[in-house]
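Trainee: If you scroll down you'll find the structure; I have some questions about it.
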Amino acid sequence: MERKELILAIETSCDETSAAVIEEGKLIRANVVASQMESHARFGGVVPEVASRHHVEQMTRVVEEAMEQADISYADLAAVSVTEGPGLVGALLIGVETAKALAFAHGLPLIGVHHIAGHIYANQLVRPLEFPALALVVSGGHTEFIYMEEEGLFEVIGQTRDDAVGEAYDKVARTLGLPYPGGPQVDRLAAESKESIKLPRAWLEKESYDFSFSGLKSAVINTLHNQKQRGAEVDKAALARGFQESVIEVLTVKTERAAKAYGVKQVLLAGGVAANKGLRSSLKETFEGENVDVIVPPLSLCTDNAAMIGACASMMYKKGHFSDMAMNARPGMPLRSY
Ligand code: KG4
Ligand code: ZN
């Protein structure tokens, strides 16, 4: 019987401790995620030291659980993979050291994966990627268009000039007095309202695939302050809806333009903000009846998880890109092609 390629993957770049086992780069045998959301909620954001401590506490259990769920032993593995960067240095280190220890102890190859490449490859767990493809990466730290001419080639063709879209969501949520994490809260509130307060759209230069969200964020804050000063009751849901409509329109229109200009076969949605209900339906609607396949991963694969790291690691494994024991956490790791 032919041996299946099984890769253990570890992700600890921010506030989720996760381990997964992926078969042939596409089948999830296990994907265990221990969230620290509650610990950070009382601080209104992720506290790096708290995150590192949680990773240390959870790591061994999470890996053991993933191996148990996949029903395999270390001898069945082809490689151990881990998020090498970018992310919080203390948080990344826990995953990196764990992966190195496991690879060393079991004589397995080691693969260091870029977190954003992982978010993009989450789509391969839905269905096979087809190239050329365009990825819209929207997370707490990133907002980028990444063009992929072929497997493993990443070319950034546009990015935010100021705030990442998730960051803007989180700041707007805080301004509206919503709890952390703010993105899902704004998304939910926006859906509750029929009214919408019209806010500006930052299109930038005509041909640009770049984004800007800081002006929109300021517009939300100003609207709130002006209304308060006039003693008027602020319709927070209408404001959330206005903000969400502006974000989604810009993201969708630019995605459609870039997809046409680059003649892509697939559009891949990636990153934590890909969990946004409004964005998911807007992208699907926009490309309906067009010759472009839009992949919108299930929510569990949009937020941080190790399965996506394993999917990307499989591509790197096939192309022969391995790390050695000198691998270190790289908080500012740039995205490069393989
Ligand atoms: O990818 P991710 O889990 O972590 C990073 O790598 O940054 O993304 C987290 C971001 C947060 O800013 C969070 O508020 C946002 O994704 N987010 C959302 C939604 N769910 C999570 N933003 C808008 N709507 C959502 N439903
Ligand atoms: Zn992420």
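Trainee: Every residue in the range 123-166 that is in contact with a Ser or Thr (Cβ under 9 Å, 6 or more places away or on another chain) and among the aromatic types (F, W, Y), please.
Mentor: Within the range 123-166, F145, F154 meet the criteria.
Trainee: For the structure I just gave you, tell me whether G95 is open to solvent by less than 10 Å² (accessible area, probe 1.4 Å) and closer than 21 Å to I22 by Cβ. Give the derivation first.
Mentor: Numbers: open to solvent by less than 10 Å² (accessible area, probe 1.4 Å): yes; closer than 21 Å to I22 by Cβ: yes.
The answer is yes for G95.
Trainee: Going residue by residue through the range 273-288, is there one that turns out to be over 30 Å from H55 (Cα atoms) and among the β-branched types (V, I, T)? Give the derivation first.
Mentor: Just the residues of the range 273-288 that are over 30 Å from H55 (Cα atoms), to begin with: 278-288.
Those still in the list that are among the β-branched types (V, I, T) too: 286.
Checking the range 273-288: at least one residue is over 30 Å from H55 (Cα atoms) and among the β-branched types (V, I, T).
Trainee: Being among the basic types (K, R), open to solvent by 20 Å² or more (accessible area, probe 1.4 Å) and touching a helix residue (DSSP H, G or I) at 6+ places or on another chain (Cβ under 8 Å) is true for just one of R29, R42. Which residue is that?
Mentor: On the way: R42 fails: touching a helix residue (DSSP H, G or I) at 6+ places or on another chain (Cβ under 8 Å).
Step by step, each of R29, R42 is checked, and only R29 is among the basic types (K, R), open to solvent by 20 Å² or more (accessible area, probe 1.4 Å) and touching a helix residue (DSSP H, G or I) at 6+ places or on another chain (Cβ under 8 Å).
Trainee: Would you pick out the residues in the range 280-316 that are of a type in the set (S, T, Y) and away from ligand 2 (no atom under 14 Å from the Cβ)?
Mentor: Keep residues of the range 280-316 that are of a type in the set (S, T, Y), which gives 281-282, 286, 300, 303, 314.
Matches in the range 280-316: S281, S282, T286, S314.
Trainee: Take Y169 and decide whether it is buried (at least 20 other Cβ atoms within 10 Å of the Cβ), among the aromatic types (F, W, Y) and in contact (Cβ under 8 Å) with a residue 24 or more places away in the chain.
Mentor: When the stated conditions are applied, Y169 passes them.
Trainee: Here is a list of conditions, (1) more than 21 Å from S281 (Cα to Cα); (2) open to solvent by 50 Å² or more (accessible area, probe 1.4 Å); (3) within 16 Å of ligand 2 (Cβ to nearest atom), and P181 meets all of them except one; can you say which number that is?
Mentor: (2) is the only condition that P181 fails.
Trainee: Moving on to the next point. Taking the options L77, L27, name whichever one is within 20 Å of the chain's Cα centre (by Cα) and under 30 Å from K4 (Cα atoms). So that I can check it myself, show each step before the final result.
Mentor: Working: L77 fails: within 20 Å of the chain's Cα centre (by Cα).
After ruling out the rest, the residue left standing is L27.
Trainee: Restricting to the range 312-338, and then to whatever is aliphatic (A, V, I, L, M) and open to solvent by less than 50 Å² (accessible area, probe 1.4 Å), can you tell me which residue is nearest to I116 (Cα to Cα)? Before you say what the answer is, go through the steps one by one.
Mentor: Initially, the range 312-338 is screened for residues aliphatic (A, V, I, L, M), giving 313, 315-316, 325-327, 329, 333, 335.
Then drop every residue that is not open to solvent by less than 50 Å² (accessible area, probe 1.4 Å), which leaves 313, 315-316, 327, 329, 333, 335.
On the way: A313: 12, M315: 14, M316: 14, M327: 18, A329: 15, M333: 10, L335: 8 Å.
Across the range 312-338, the extreme among qualifying residues is L335.
Trainee: Restrict the check to the range 323-337 and report whether at least one residue is part of a helix (DSSP H, G or I) and not basic (K, R). Working first, answer last.
Mentor: To start, the set of residues in the range 323-337 that are part of a helix (DSSP H, G or I) comprises none.
There is no residue in the range 323-337 that is part of a helix (DSSP H, G or I) and not basic (K, R).
Trainee: Just one of the numbered conditions (1) more than 16 Å from ligand 2 (Cβ to nearest atom); (2) in a helix (DSSP H, G or I) is not true of E195; which one?
Mentor: Only one criterion in (1) more than 16 Å from ligand 2 (Cβ to nearest atom); (2) in a helix (DSSP H, G or I) is unmet by E195, namely (2).
Trainee: Does any residue in the range 197-217 that is open to solvent by 30 Å² or more (accessible area, probe 1.4 Å) come within less than 8 Å, Cβ to Cβ, of a residue that is part of a loop (DSSP other than H, G, I, E, B) and aliphatic (A, V, I, L, M) six or more places away or on a different chain, and which pairs are these?
Mentor: Partner pairs satisfying both residue conditions: D210/L204; G215/A202.
The values are calculated or read from the model by the stated rules, or taken from the named source; none is laboratory data. The structure presented is a predicted model; accordingly, all values stated were derived computationally and were not measured. We place every Cβ from the backbone using ideal geometry, glycine too, and count neighbours over all the protein chains shown. The accessibility values were calculated without ligands, DNA or RNA, using every heavy atom of the protein model including side chains. Shrake-Rupley method; radii C 1.70, N 1.55, O 1.52, S 1.80 Å.
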